[in-house]
Structures are given as C-alpha cells and as structure tokens.
Amino acid sequence: MCGICGFSGENDRHVLKSMLNAVLHRGPDDEGFYSDGLMNLGFRRLSIIDVEKGRQPIHNEEKSVWCVINGEIYNFPELRNDLAEKGHLLYTDHSDSEVIVHLYEEYGSDFVHKLNGMFAIALWDMQRQTLFLIRDRMGVKPLFYSLIGNKLIFGSEIKCLLAHPAYCRDINYDALYHYFSLKNVPAPMTVFKGIYSLLPGELLVFSKGKICDKRKWWKVLFKEDKNLDKMHIKESILRLMEDATRIRMISDVPFGAYLSGGVDSSFVVALMSRFSDKPIKTFCLGYEDELKNKKADLYHARIVSKTFGTEHYEYIMSYREMINDIEKVICSFDQPYSGTISTFFLSKLIKKHVKVALSGDGSDELFGSYLSHRVAQPMHHFKRLHDKLEENSLCNDYEELFRPCDINFLKNLFDKSGGDEIKWRYYLYTFTDKEKDKLLSDKFRAELRKSDTLSLITKYFNYITSDDPLNRILEMEWNTQLPDQVLAFVDFLSMAHSVEVRSPFLDYRLVEFAATIPGNLKIQNGNVKAVLKESVEDLLPRGITKRPKEGFVLPVFDWMQDSMKKYVSSILSKKNLKKHNLFNIDVVSDLLHRYNTDARNNAAKIWNLMMFQIWWMHFSD
C-alpha cells in the first residue's frame, strides 16, 4: 500500500517532492522518483511485501518500462513463476509490483485481466511515450487526474494535484450540488473543477500531450441464474471466500482483522484462523457513552474472539474525540463527505499493532442489507399488488411479501414515487432537488449548469443489466455508492494512519459469482443476507447470524441530539454560514431549530450540512 503521483513534462524534483509530501501518510517508510524529461513518477511506500528490495518506481530489464502502483497484487506468486518460465528476468526477491512491467511486455495493456488485487497503477512506456493509468475492478484504490493544457497530473489523493503549481483551485458547484443528496461527490466528478476520478475498472491512455483513450476494462454483470442450487451457492461462497482470505494474508509484516461481532467480519476472522499458526489480532470499536445499541458490538466481538482464540483489542472513544478529529477526517477525503467515518478512529489502535487488517467490506453490497436493499422487493410487490391492496385489507400472504418493510413506510414512499424504482430510490437520498432549491442561495445556483440529481440517478439506472428487483439496486449501488462512498471511507480513513485494509468479499471471483445469485435468496422473508448467513452459520458462534445489522458505525446521531448539540449549532451558526453565503440561512436555521426540538428524522440532513461546513472552513483557507 502506497501513495503515487506524477506529471508529464520536464523534470521538476521540487514539485514531485511537494506532491509526495502531501501523501506522506500513505507511505511513511520510503520514497522513490523517476524522471526522464517527458514523464515524472513519484512514490511513497508502506512496506508490506518484499520489504528490502521491493522499492518503486520499478522497471523492466531494459529500463524502458516504469511503473508505480498503490495496492497489492494477491496472485503475484503465480504470476512471477509464469513470467520467469517465459524468460523474464526479475530483479527483486518477491515483489508483487514487479510483475506489472513484465506482464505489460508480455500482453500489452490487456495484462490487467491477469491481476487479482486492489491497485491504482501508473505505467510509463518510454519508447512509445505513453502513460497508462489503471484502477482496479472494484475501485478499492483511488486515482485522480487532471489535464491542464497538454500536461497530465495524477495522484492517489486530490491533495497531490492541489500541490502542483499548474493547477488553480476552483470549485465545481455541479459536483457539490449532488453531494447534498448523495453524501459524497459522485465520480468521475470531484469538488474541484478540472480534477477527475478514474472510475473503477477504468484505463486511461495519455500520449504526447493528450488523452488518447479512456475505457472500461472490467464491469460486473448482475445476471441471475435461477437454476442455481442453494447447496451449490453455499459451497461456492465458502470456497471462494476461503481462497480470497488466504491470498489476502500474504504479507511480510504483521496483520490483523476488524471485528465488529457481525456476520461479515466474524466470517473473515473464522477463515483467517484456518491459515495462521498464531492468534489473529482483532480490533473492535466501543464508546464511553452508555449506548445500548452499541454495547452489543463489544459483547459479540468478544464471543467471536474467544471462539477463535484471537488476540483481541478494543478502542473506546467518546464524542469529544470525534469533535477534536473531525477536521482531520474531512482532510482525509479532500472533499465534502457525510457518510461513515468510524474507520478513522479504530485505525488509530490498529496502527499500533499491525500494518495490514482484513475487513468484511463489500458483503452488504453483494448480498443485500441497507435500507434501499430492504425496500427493493417489497416495493416491487407493493406496486404490482397496489390495486388489490386498495380494494381489500392486507392478507397474511401479502404481508409476508412486504417484509422487512413497515407497510406505512412503503405506502408513504409509494405515494411519493408511484413505485417507480428510480424515484423511490431517489427519495431515500438526503436532500431532494426541490429541497436543495430552497436550501441553496442564489449565489450558489448562479454557479450551476442544468444540474439535478434525479437525472444523475436516472443515468445510473440506464446502465443496469439485471432484471431482478433487488439485484438492480445492488448493481446500481455497486457501481456508484460502493466506490464513491464505502470504499472511499475505508481507504482514505485507514491510510490516514498508514494502515492497509484488505477485504476478501471484494475478490472479483466472488463478486462475479454473487452477481448471479437471485435476489430472493439474498433477502428472504425479510432476512437480509439470508444465503450468506446460511453459508456461514455452522462456522460462527450461535447468535451471530441473528444479530441486526450494526457494523462499525459511529453513534453520531445519538451524540448530535445530546452531547454534540452545542458543537453542531456553532458550526452551523449564521456567522459561519455568512462567510460563504451558499445557503439560504433561514432555511438552515429553521432546519436546525426543528431538529433540536422534535424533527429527529432530519439528523442526516444536519450531519450533511455540518460536514460540508467543516470542509468549506478548512479548504477556503
């Protein structure tokens, strides 16, 4: 795991060094540089594989192909053997990064299909004067770029590009507009004009001052196989997860695992225990506050730890720590963000013990767990049976079809959307376009083009391949919310503490298989992740698969109602809001007043506005 950056054009070690310094946290162990007058590559290293000899930038035999990579190639032992048999001379001892330049020699840019890993790659072919920027299939590792004139600038984080003197920082208000609905800025846009995110499974080709090509090299297809036998599904999940876990434990430095005591992290720990002759180090997050719903995490994590004999550690935090660190959290993203941020705090503890930690990320998005997933099947049936429901009282058969949703919730959402999947999913976001019309000032709206988030969501749905109600939502969010929000917080907030996170659920072999499982096996009779729970039930302590979904989610909304109330009000004070005049201040004040009195369902809106305000106060400086 590392930080990479670079730019085309003449040598400038000072600029390259400045860009690297911006991501020192990604690689505190070492740094490396390459410049030839046409291309400049920079590298910060977190040493994990081939600690002694695996330095970057790395090159081929003739030093005509150079590469920097952020991430890990999990199948590198097999690839190194295959390349050696084909006559390639590898100069490192067992570096995973070195396979990249030799695979490129052997297969051209199609080499990416040989890789099983998480990666952001910059590969420079000096003879062809061509740079390839490549992002892994799922988008685990970030990669940003900007074309200014005929100069390409790129880096693992936006702050790398902001450190380059050719870029003049300017706000992208269209991207910012969508943040207030989605809780994140949607890729490929960023909050800065002219800076873009490479999409998951995307490859960019730059040569002689221009971007020649940008294309998808991988995309998951959610095509359910209705003939799949449930026993085959469960056996396949176990087999694929077992191998995905095994190869993610390859490391020359100590590793551990996140453990919330839920199904996903407990499953990973259970599999890890099969491949280690030493106790696995596990880490759980708890809170000083007496929050009943969060005490269960510590309790169940301890049970799982005892079952598998792990070396267990707990990190207990309070709302005060979150207030103290909230600006650091926002700085980790470089953009407004109002999703989950717990990884930042638990990674403080993990850093003291290991450099690498395995997690259960990706499971919810594959097998169905979030509110939008729980709504998909019930709304499909509610729309189909709507006329009958109007005529007759609900019978037991119908009620079963609507699980796990409350019928009144479904009715309200149906009244807003007419049961249209695009519209009901849209109404689950934080602010609607109409609400933003009232929220945003004339000054803000004057900066906008014809932006509306509903059109953006509609565009997302146009690329869906599935016909299944649940899998359609999973597929849409897999391509958007997963990389833009979930994987973003895992990567940025763990790397803020120089911790590498690996998730077996994101192995492309498992992803491609899970995409063929029918939705009615993923959420069955209201039971989320049903087929996954059935697959792992015999491996885990009793009761773990029955737990309601929690995970590592800070009790932010609990704190905002009580101990953080004054802090929230101070951040969203009229004085602070007037510094940018991007909001209708009366609307924000009214929203905050109603929230503090009785409108607790507005918590997500307040959190969204507060996180934006903290970002603005930092970056406007």
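The values are calculated or read from the model by the stated rules, or taken from the named source; none is laboratory data. Note that the coordinates shown come from a computational prediction; the quantities given were computed from them, not determined experimentally. No Cβ is skipped: glycine too gets one built from the backbone with ideal geometry, and neighbour counts run over all protein chains shown.
Can you tell me which residue among 367, 409 is under 24 Å from residue 529 (Cα atoms), of a type outside the set (A, V, I, L, M) and surrounded by fewer than 20 Cβ atoms within 10 Å (Cβ to Cβ)? Spell out how you get there, then give the answer.
Working: 367 fails: surrounded by fewer than 20 Cβ atoms within 10 Å (Cβ to Cβ).
After ruling out the rest, the residue left standing is 409.
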Would a scan of region 405-425 turn up a residue that is at pLDDT 95 or above, assigned to a helix (DSSP H, G or I), over 23 Å from the mean Cα position of the chain (by Cα) and of a type in the set (Ser, Thr, Tyr)?
yes
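Condition check ((1) crowded, with 21+ Cβ neighbours inside 10 Å; (2) under 21 Å from residue 164 (Cβ atoms)) across all residues:
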residue	(1), (2)
6	yes, yes
9	no, yes
63	no, no
75	no, no
Need the failing condition index for residue 581 against (1) more than 30 Å from residue 476 (Cα to Cα); (2) within 25 Å of the chain's Cα centre (by Cα); (3) modelled with pLDDT of 95 or more, just the number.
(2)
Answer from 512, 534 - the residue that is over 11 Å from residue 222 (Cβ atoms) and among the acidic types (Asp, Glu)
534
Which residue out of 296, 244, 301 is more than 29 Å from residue 476 (Cβ to Cβ) and buried (at least 23 other Cβ atoms within 10 Å of the Cβ)?
301
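Yes/no matrix, rows are residues, columns are (1) buried (at least 22 other Cβ atoms within 10 Å of the Cβ); (2) under 12 Å from residue 7 (Cα atoms); (3) within 25 Å of the chain's Cα centre (by Cα); (4) modelled with pLDDT of 95 or more:
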| site | (1), (2), (3), (4) |
| --- | --- |
| 134 | yes, no, yes, yes |
| 171 | no, no, yes, yes |
| 194 | no, no, yes, yes |
| 211 | no, no, no, yes |
Within region 143-156, track down each residue that is crowded, with 24+ Cβ neighbours inside 10 Å and in a loop (DSSP other than H, G, I, E, B).
143, 156
Is there a residue being surrounded by 22 or more Cβ atoms within 10 Å (Cβ to Cβ), in the same structural domain as residue 256 (by TED's automatic domain parsing) and over 17 Å from the mean Cα position of the chain (by Cα) anywhere in region 380-389?
yes
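Among the residues of region 103-142, which ones are assigned to a loop (DSSP other than H, G, I, E, B) and at negative phi?
Here is the first cut: in region 103-142, the ones assigned to a loop (DSSP other than H, G, I, E, B) are 115-116, 126-129, 136-142.
115, 116, 126, 127, 128, 136, 137, 138, 140, 141, 142 - these are the residues of region 103-142 that are assigned to a loop (DSSP other than H, G, I, E, B) and at negative phi.
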When every residue in region 453-484 that is charged (D, E, K, R) and either assigned to a helix (DSSP H, G or I) or not assigned by TED's automatic domain parsing to the domain that holds residue 401 (or both) is compared, the one surrounded by the fewest Cβ atoms within 10 Å (Cβ to Cβ) is 459
